[in-house]
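The values are calculated or read from the model by the stated rules, or taken from the named source; none is laboratory data. Just so you know, these numbers come straight off a predicted model, no measurement behind them. Every residue, glycine as well, gets a Cβ built from its backbone with ideal geometry; the counts of neighbours run over all protein chains shown.
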Amino acid sequence: MKLGVNLSYLDSVEVAREAERLGYDVAVVPEGFRADGATVLGAVATATTRIGLASGVFQIPGRTPAMTALTASTLDALSGGRFRLGLGVSNPDISEGWHGVPFRRPLGRTREYVDIVRRTLAREPVTHDGAHFRLPPEGCTATPLRLYSEPVAERIPIYLAAVAPGGLELAGEIADGWLGAFSPPDELPKTIESLRAGRLRAGLPLAGFEVLCGIPMALGADVEASATPIRGYLSHFLGMGGRSRNVYLSLFERMGYGRETGVVHERMAAGDPHGAAAAVPAGLVDRISLLGTPDRIAARMRAYAEQGITTLVISPFGGTTAERIQILRIAATALGLAGLAA
């Protein structure tokens, strides 16, 4: 099993350089409330030489397929062929509240989007007449989309983020990898089966398909105390939008935390973020994180490797850049203690 790092935009270059020195396989750049992903990826691409780079993830409703293909091609060139394109349909509140794009039929939209991006990256002249995208629009005689930049990588891998079974099957069918989050080892067999079902639908084996899982990590002899900074992170996701539309609430409900996460959502809706964070169960944080000492973290890493995770993407929860770098070093040490280092 390989390691990746989830970067913060504020110290992305420094942390990525240290991850590269430590032998991490990939640096993943998120996109959300604080920063876009492409700008940070460009900075990291020009400051590193070996570590892979991935968007984690570019929001499908926020970019046309053409712009995503252009961005991917540019990052491919800037990184010398190290870029991997992570995509996600996001959630109803981001799609509709930020971008004004209806969230209905997200799987169909994703399927068409990936098809257009792949054909564009193959330097084909692209036309498309689908339910979600029409290039060019009906009755228009505009020149078809075509990318003229020179490729570096023979094929840019596409990873899809997904949490529900339908999205997982689609990722297995049309993508080269899955970007997961909030997935404890005991829940992964169901995830892997959904991915495998998608691969079978495409006539492909699961072997060679990348299975990446993002995971928060915090250090400390007291496991419950080390969970504290991650509670606020989780309460942010659990408090998004309306309860019936929150995909993260649904995910944790399936894991058996419906009552507890409902309280978190209610407190966030009432404007009490501190109370919401305090209501996140320490046991839930522990299930979806790497917490504690190097030996304890190593045991958890083995559990993830046994379930088929190919890359564990560490989100280091430290208050300073130095603390985040130290977490990356401990993670690399723990991988060795687990007997998983290459």
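So the values come out like this:
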read-out	value
Check on Leu234, modelled with pLDDT of 90 or more, in contact with a His (Cβ under 8 Å, 6 or more places away or on another chain), outside any strand (DSSP E or B) and on the phi < 0 side of the Ramachandran plot	no
Among the candidates Ser244, Ser250, residue that is in a helix (DSSP H, G or I) and without any contact (Cβ under 8 Å) to a residue 12 or more places away in the chain	Ser244
Residue match in segment 304-318 (condition: surrounded by 19 or more Cβ atoms within 10 Å (Cβ to Cβ), touching a residue at least 24 places away in the same chain (Cβ under 8 Å) and touching a Lys or Arg at 6+ places or on another chain (Cβ under 7 Å))	yes
Per-region count, segment 119-128, residues part of a helix (DSSP H, G or I) and of a type in the set (Lys, Arg)	1
Subset tally (residues that are part of a helix (DSSP H, G or I) and without any contact (Cβ under 8 Å) to a residue 12 or more places away in the chain) for segment 201-227	1
Residue match in segment 261-278 (condition: in contact with a Lys or Arg (Cβ under 6 Å, 6 or more places away or on another chain), assigned to a helix (DSSP H, G or I), over 19 Å from Gly4 (Cα atoms) and among the hydrophobic types (A, V, I, L, M, F, W, C))	yes
Failed criterion for Glu266 (all others in (1) free of Cβ contacts under 8 Å to residues at least 24 places away in the same chain; (2) crowded, with 21+ Cβ neighbours inside 10 Å hold)	(2)
Qualifying positions in segment 129-182 - closer than 14 Å to Phe209 by Cβ, under 14 Å from the mean Cα position of the chain (by Cα) and assigned to a helix (DSSP H, G or I)	Leu168, Ala171
